[in-house]
Amino acid sequence: MTVALAMLLDALMGEPKWLWNRLPHPAVLMGQAIATLETRLNTGAAAHRRAKGIALVAGIVSAALIAGLILAQLGTIAQIIIGAVLIAQRSLCDHVADVSRALRLSLGDGRMMVARIVGRDVKALDTSGVCRSAIESAAENFSDGIVAPVFWFALLGLPGLLAYKVINTADSMIGYRNARYAEFGWAAARLDDVVNWPAARLSALAIAAAHLRPDAMRLAIRDARLHRSPNAGWPEAAMASVLDAALSGPRSYDGAIRDEPYVNPEGRRELGPDDIDAAVMVLWKAWALTLCAVALVWGIA
């Protein structure tokens, strides 16, 4: 019941600007803590940096578990509110839809808006590239921002939800394979892969089932391995199948082109704002099915 009501509250309220303009968002606080620790600990030889990164992850996860146990004592309503804050369905759909609206104004506006939700270079993206970037972000973040938090919240309560969010935040900040983070962020990246493993597959299943498309799940099983991430390929492949679009593929980071394979290469490569709108509808249908699954489990329990 707590998880289902948190999902509904998030869908209704999203992230009200009037609140977060006055108070720091919990994810921001997590990020600030991780950034401070990274600055102090990410020094020395490579072997030492990996050990320090492991210690950082162990420390922040332990702190999140303890904080969850303490906050859970505030009662059900408090847990519903905290859950709604840390589940991101409404804000994800709003951010993705913003790209569609901006792209209808101009390609430059579309590039500027999609840059807010992706980490790749956007200056050279054409219309299809902007759309593909937005749709990929929608699919991947449906897993990371909705299904995974719901899964761990339902399984382990508020401690599980907070622990997941701090792991995911750490991965987004230090889980990169570059000179600075390859060793220090190793533990964060590997643990994020582990905790997102079930949600990625459940996300693909939710997208396929919500559209009565068993072929979308079959394509996810076939093409997920083509993705650079062990998890993101699952919801992206299911989304690609439902939209009949080719996703992933070559992209640029820091001026360097990465020649990555397409997921669902048989799909359309010419995409427009209508495809982004269709992806948002996919998110809402999959969210509704996830909510029904949570309610069903609640009813059985």
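The values are calculated or read from the model by the stated rules, or taken from the named source; none is laboratory data. Remember, predicted model here, so these are calculated numbers, not experimental data. When we count neighbours, we look across all protein chains shown, and the Cβ atoms used for this are built from the backbone with ideal geometry, even at glycine.
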Checklist entry - In the set 148, 134, which member is in contact (Cβ under 8 Å) with a residue 40 or more places away in the chain and closer than 15 Å to residue 282 by Cα? => result 134
Item to check | Every residue from the stretch 76-111 that is buried (at least 16 other Cβ atoms within 10 Å of the Cβ), farther than 29 Å from residue 159 by Cβ and not charged (D, E, K, R) | outcome: 96, 97, 99, 100, 102, 103, 110
Next on the checklist: Is it the case, given these coordinates, that residue 26 is in contact (Cβ under 8 Å) with a residue 24 or more places away in the chain, out of contact with any strand residue (DSSP E or B) (no Cβ under 8 Å at 6 or more places or on another chain) and of a type outside the set (A, V, I, L, M, F, W, C)?
Outcome noted: yes
Item to check | the stretch 112-166, residues that are among the β-branched types (Val, Ile, Thr) and either more than 12 Å from the chain's Cα centre (by Cα) or buried (at least 24 other Cβ atoms within 10 Å of the Cβ) (or both) | outcome: 114, 122, 127, 130, 135, 146, 147, 150, 166
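Residues of the stretch 1-23 being assigned to a helix (DSSP H, G or I) and without any contact (Cβ under 8 Å) to a residue 24 or more places away in the chain, which ones?
Of the stretch 1-23, the ones assigned to a helix (DSSP H, G or I) are 2-13, 17-20.
If the condition is that a residue be assigned to a helix (DSSP H, G or I) and without any contact (Cβ under 8 Å) to a residue 24 or more places away in the chain, then 17, 18, 19, 20 are the ones that fit.
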Checklist entry - Given 61, 57, 96, which one is under 30 Å from residue 279 (Cα atoms) and either part of a helix (DSSP H, G or I) or out of contact with any Gly (no Cβ under 9 Å at 6 or more places or on another chain) (or both)? => result 96
Checklist entry - Of all residues in the stretch 246-263, which are closer than 13 Å to residue 135 by Cβ, out of contact with any Ser or Thr (no Cβ under 9 Å at 6 or more places or on another chain) and in a strand (DSSP E or B)? => result 247, 248
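Can you find a residue in the stretch 168-180 that is assigned to a helix (DSSP H, G or I) and among the aromatic types (Phe, Trp, Tyr)?
Here is the first cut: in the stretch 168-180, the residues assigned to a helix (DSSP H, G or I) are 168-174.
Next, only the ones that are among the aromatic types (Phe, Trp, Tyr) stay: none.
No, the stretch 168-180 contains no residue that is assigned to a helix (DSSP H, G or I) and among the aromatic types (Phe, Trp, Tyr).
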Checklist entry - Just a yes or no: is a residue in the stretch 262-282 more than 19 Å from the chain's Cα centre (by Cα), among the acidic types (Asp, Glu), modelled with pLDDT under 95 and closer than 23 Å to residue 123 by Cβ? => result no
